[in-house]
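The values are calculated or read from the model by the stated rules, or taken from the named source; none is laboratory data. Just so it is clear, the structure is predicted and the values come from calculations on it, not from any experiment. Note that each Cβ is placed from the backbone with ideal geometry, even for glycine, and that neighbours are counted across all protein chains shown.
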Ligand code: GLN
């Protein structure tokens, strides 16, 4: 089982390290041919405009959309969540993969200097430390989207079938439980398609 981390821009190395600490084979995906090898994909934090633009011009974005529709498990953190969203309400013309039935607002928790850490109570995992850095806020979500964790009455960790997204960055903490949860989603799919 091989998990790819989209490495067009952003903090992809931290995700690779988190997966490796879990004993999972992980690698940086920079091309269409590398994308074909993955059983699961993480879209990291960074700048959603840069990641989106590169994904769009290289055709990687279009292929991600096809693979997601075939059931490939994908986890987007922060900028990755923005890219999974159907619409960015404050940048309606910005390119996204449009895969999840969520509308988001970019940088809605403030600027870089206003970054913060909080503990969230997550039904599936217990108490989880969450790091927010210029994070997107989910302002609307569809009925097929399950809320796994909220902060300040706003969903911040959500799942829609094979797609998982968080406003915050678990790869910047020592807590690997959300990555572990995603790895299980990938492992379950891997078993079922073998
Ligand atoms: N503010 C970034 C964006 O809008 C996301 C920040 C992050 O990924 N930490 O793309």
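So which of 102, 138, 178, 113 ends up being assigned to a helix (DSSP H, G or I) and over 20 Å from residue 40 (Cα atoms)?
The unique qualifying residue is 113.
Need the failing condition index for residue 131 against (1) under 28 Å from residue 187 (Cβ atoms); (2) within 15 Å of the ligand (Cβ to nearest atom); (3) out of contact with any helix residue (DSSP H, G or I) (no Cβ under 8 Å at 6 or more places or on another chain), just the number.
Tallying (1) under 28 Å from residue 187 (Cβ atoms); (2) within 15 Å of the ligand (Cβ to nearest atom); (3) out of contact with any helix residue (DSSP H, G or I) (no Cβ under 8 Å at 6 or more places or on another chain), residue 131 fails exactly one: (3).
Would you mind stating whether residue 83 is closer than 23 Å to residue 19 by Cα, assigned to a helix (DSSP H, G or I), touching a residue at least 24 places away in the same chain (Cβ under 8 Å) and touching a strand residue (DSSP E or B) at 6+ places or on another chain (Cβ under 6 Å)?
Against the criterion (closer than 23 Å to residue 19 by Cα, assigned to a helix (DSSP H, G or I), touching a residue at least 24 places away in the same chain (Cβ under 8 Å) and touching a strand residue (DSSP E or B) at 6+ places or on another chain (Cβ under 6 Å)), residue 83 qualifies.
Would you check which residues across segment 1-39 are surrounded by fewer than 21 Cβ atoms within 10 Å (Cβ to Cβ), more than 16 Å from the ligand (Cβ to nearest atom) and assigned to a helix (DSSP H, G or I) and list them?
17, 20, 21, 32, 33, 34, 35 - these are the residues of segment 1-39 that are surrounded by fewer than 21 Cβ atoms within 10 Å (Cβ to Cβ), more than 16 Å from the ligand (Cβ to nearest atom) and assigned to a helix (DSSP H, G or I).
Pairs only if they're at least six apart or on different chains, beta carbon under 7 angstrom, first in segment 117-144 and over 17 Å from residue 170 (Cβ atoms), second assigned to a strand (DSSP E or B) and within 12 Å of the ligand (Cβ to nearest atom); list them, first residue then second.
Hits for this filter: 137/104; 137/105; 139/104; 139/105.
Tell me, please, whether a residue that is surrounded by fewer than 15 Cβ atoms within 10 Å (Cβ to Cβ), at pLDDT 95 or above and farther than 21 Å from residue 94 by Cβ can be found in segment 169-176.
no
Taking segment 48-81 on its own, how many of its residues are under 13 Å from the mean Cα position of the chain (by Cα) and within 13 Å of the ligand (Cβ to nearest atom)?
Going through segment 48-81 one residue at a time, the tally reaches 8.
Note down all Cβ pairs under 8 Å where the first residue falls in segment 5-23 and is over 15 Å from residue 176 (Cα atoms), the second is assigned to a loop (DSSP other than H, G, I, E, B) and away from the ligand (no atom under 14 Å from the Cβ), and they're at least six residues apart or on different chains.
If the second residue must be assigned to a loop (DSSP other than H, G, I, E, B) and away from the ligand (no atom under 14 Å from the Cβ), the pairs left are 7/30; 8/30.
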